Amino acid sequence: MFHRIQSLLAHFKTKTGAASRARQTADHNAPSIVPSPEVRASLQEDGVVFLHLRSGIVFRSNRIGAAIWKGLGRRQDLASIASEIGREYGISAEQAARDAARFVAQLDAQGFLERHAGA
């Protein structure tokens with residue numbers, strides 16, 4: 001279910017200036033998305049394991065999912081997180097942003113995230 005983010009590794013096409021465009025289009029008035037206090041995450045060498053304390057849902061993701069989770073914990077916006085992932089894995093910022101947004105939407109749907117007023 002949450003392994004869609006693994007598709008990031010399948011894309012190795014980069015575009016000049018993509019990271020800066022993604023960063024410029026970030027909406028700084030948007031609510032920040034942060035990990036829910038009801039979730040415990042165990043970061044491991046090959047990814048992360050999540051436990052939602054209230055529901056008992058357990059979920060595992062790869063290293064890219066772990067990078068997204070860490071970025072959210074640092075209150076980074078999604079464009080910044082995607083830009084870092086794009087650089088690290090050699091994919092376009094646009095592809096990283098699309099896949100990261102899908103991953104965050106899945107986490108959000110499961111109650112793993114909270115939204116706070118704009119940063």
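The values are calculated or read from the model by the stated rules, or taken from the named source; none is laboratory data. The model shown is predicted, which means the values in this text are computed figures rather than measured ones. When the accessible area is computed, the model is the full protein with side chains, heavy atoms only, and any ligands, DNA or RNA have been set aside. Shrake-Rupley method; radii C 1.70, N 1.55, O 1.52, S 1.80 Å.
Rounded to the nearest 10 square angstrom, Asp108 shows an accessible area of 50 square angstrom against a 1.4 Å probe. Only Cα sites of segment 32-106 enter the Debye sum here, all with the same form factor; the resulting log10 I(q)/I(0) across q = 0.15, 0.18 1/Å is -0.48, -0.69, listed in q order. Of the three principal axes defined by the Cα atoms of segment 69-119, the extents in descending order read 30, 21, 16 Å.
Accessible surface computed residue by residue for segment 38-115, with neighbouring protein chains in place and a 1.4 Å probe, gives 48 Å² per residue. Only protein atoms count toward the accessible area here, which uses a 1.4 Å probe; on segment 35-74, the carbon and sulfur part of that area reaches 51 percent.
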